[in-house]
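The values are calculated or read from the model by the stated rules, or taken from the named source; none is laboratory data. Just so we're clear, the structure is a prediction, and the values are computed from it rather than from any experiment. For neighbour counting, all protein chains shown are included, and Cβ atoms are generated from backbone atoms with ideal geometry for every residue, glycine included. Side chains are part of the model used for accessible areas, which takes the heavy atoms of the whole protein and leaves out ligands, DNA and RNA. Shrake-Rupley method; radii C 1.70, N 1.55, O 1.52, S 1.80 Å.
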Amino acid sequence: MKNFTQFKWFVLFVVFSANAQQEKGIFGSNNWLNNWTEFKPSKAEYNETTQILYGKIDKNTTLYKKDAYLLQGPVYVVNNAVLTIEAGTVIRGDFDTNGTLVITKGSKIMAEGKETDPIVFTSNKASRKAGDWGGIVILGDAPINKFGGNSTVNFDLDPTQTIYGGSNAQSDSGILRFVRIEFAGKKVKGYKDFNALSIAGVGSKTVIDNVMCSFSAKDAFEILGGNTIMNKMVSLRANGSDFKFTQGAQSKLDNSIAIRHSYFSTSSRSRCIEVASYEKKEEADFSKALTSVVATNVTMINTSEQLSADLASGLVKEAVFVNINASLAIKKSVISGFNPAIILDDEISLDEKSFKMLKFEEIFFNNCKGNIFVENSTNNEDLEDYYGNLAFFNVHENQQNDNMFIDIYNKSNNPDFRIKLGHITASK
């Protein structure tokens with residue numbers, strides 16, 4: 001397993017405000033990306049499958065590390081059953097049958113890996129690529145803002161088994177901890193593309209932390225409604241968006257990182273963070289909560305080798321997009337190498353009401369071709385004046401990633417260094 005220390009440009013070195021040093025982006029008293037992550041998953045070696053999962057799991061079931069499992073077609077956990085997955089277990093999604101794991105409403109997944117023994121979902125192909133299999137779908141009974149209070153996902157799945165939404169904001173769909181999801185996001189003609197991890201109507205008692213989605217052909221994390229708390233998420237080179245929120249999601253995203261590259265993005269303007277309250281306005285119930293997302297200590301970075309050329313050619317797009325009638329607060333975060341950093345829907349009025357819904361504070365904007373714009377506009381003076389106020393502690397720089405981020409490859413075993421609050425400091 002490759003350590004985080006073998007991937008460049010992740011750790012913000014230092015940022016200054018008018019009054020004091022401001023530490024932004026991912027943080028930790030130790031390097032929480034070590035051990036459980038894998039930044040070269042195509043080269044990782046896993047055991048061959050010994051067990052096949054198919055159809056429905058309708059009673060409490062445990063998957064064990066000693067076996068490797070194949071998801072053959074869509075596998076539904078139903079009848080309020082609990083699927084427990086032992087730390088270190090490998091589950092492969094079948095390419096030919098669009099292998100997918102669906103945790104239906106009322107059922108639970110207890111996938112609790114360990115830092116040194118993560119649970120891995122990956123492709124069953126010898127040569128693994130983005131979009132090899134479906135992904136993981138977790139459905140709950142927390143609120144969404146569609147009329148009727150429930151919906152079904154539009155993937156190539158049984159609609160009777162994919163109902164989500166309800167009234168229990170604190171509902172518990174289980175645990176995802178120290179889990180990797182690799183090469184998911186299968187494209188199926190006539191249906192919505194799968195995401196690596198789809199979380200629909202999931203409540204706040206569901207534990208979602210230390211989850212890494214790598215090389216998804218669609219979105220890495222899609223959150224449809226519900227009340228989710230996500231901590232220490234990693235999205236690596238998704239073709240779609242890294243974190244997409246809609247349908248009235250009430251979400252917190254903390255201490256997480258999205259790593260993009262110009263040549264791994266789709267032409268549909270995929271972003272690090274995309275926030276909307278609905279896919280279709282006519283389906284939204286405006287008497288219910290609009291989407292509201294708070295993202296704190298998030299690092300969003302474009303790792304293009306020829307960033308200046310990619311920016312000039314238009315290959316690089318915005319890092320963040322906010323649609324009308326949605327709320328987003330980004331705090332203590334880093335946005336590096338995008339064109340521009342943030343775009344607001346052109347229907348958003350720049351008035352007091354909107355500014356209360358759009359909070360950008362203590363952000364380090366680095367090497368972005370513009371910072372905050374309204375869609376289809378080349379004039380951002382009003383936004384720059386507003387969010388450039390010293391009270392917001394936003395900082396703007398224009399340096400290459402290799403100047404602003406430390407490559408700690410050669411320092412991984414040096415006890416004199418550690419990661420703290422997003423940058424390397426001397427150990428005390």
- Working with all protein chains in place, sort Tyr64, Tyr46 by solvent-accessible area computed with a 1.4 Å probe, largest first. Tyr64, Tyr46
- Query: Sorted by accessible area (1.4 Å probe), largest first, how do Ile175, Ile163, Ile52 line up?
  - Reply: Ile52, Ile163, Ile175
- Note on the structure: Where a ≥ b ≥ c are root eigenvalues of the Cα gyration tensor, a/c under 1.5 meaning rounded, otherwise prolate if a/b exceeds b/c and oblate otherwise, the range 136-269 counts as oblate
- Task: If a/c stays under 1.5 just call it rounded; otherwise compare a/b with b/c (prolate if a/b is bigger, oblate if not). Do that for the range 237-367, with a ≥ b ≥ c from the square roots of the Cα gyration tensor eigenvalues.
- Result: prolate
- Item | For P(r) over Cα pairs in 10 Å bins from 0, in percent, calculated from these coordinates, the label among [x] 4, 15, 16, 12, 11, 12, 9, 6, 4, 4, 3, 2, 1, 0; [y] 5, 23, 33, 26, 12, 2, 0; [z] 4, 13, 19, 16, 9, 5, 4, 5, 6, 5, 4, 3, 3, 2, 1, 0, 0 | [y]
- Note on the structure: Per-residue accessible area, 1.4 Å probe, largest first, puts Ser167, Ser349, Ser354 in the order Ser167, Ser349, Ser354
- Using the heavy atoms of the protein chains and a 1.4 angstrom probe, tell me the accessible area per residue for the chain in square angstrom. 41
- With only Lys, Arg, Asp and Glu charged, each at its Cβ (+1 for the first two, -1 for the last two), find how big the charge dipole of the range 84-136 is about the Cα centre; round to the nearest 20 debye. 160
- Message: Nearest 5 percent is fine: what portion of the DSSP beta bridges confined to the chain is antiparallel?
- Response: 10
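Of the accessible area of the chain, with the probe set at 1.4 angstrom, what percent is carbon plus sulfur?
Numbers: 8150 of 17640 Å².
Here carbon and sulfur together make up 46 percent of the probe-accessible area.
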- If you take the square roots of the eigenvalues of the alpha-carbon gyration tensor of the range 69-160 and sort them as a ≥ b ≥ c, do you get rounded (a/c under 1.5), prolate (a/b over b/c) or oblate? oblate
- Residues Lys40 and Ser308, FRET efficiency given R0 of 35 Å [Cβ-Cβ distance, rounded to 0.05]: 0.85
- Message: Taking the full set of protein chains and a 1.4 angstrom probe, give the accessible area of Phe178 in square angstrom, rounded to the nearest 10.
- Response: 40
- Quote to one decimal, in nm, the extra length available between Ser287 and Asp158 on full extension: 0.36 nm per residue of separation minus the C-alpha distance between them. 43.5 nm
- Message: Could you report the accessible area of Asp345 in Å², rounded to 10, computed with a 1.4 Å probe on the protein chains as they sit in the structure?
- Response: 20
- Message: Between Ser167 and Asp351, what's the calculated FRET efficiency when r is the beta-carbon distance and R0 is 22 Å? Round to 0.05.
- Response: 0.10
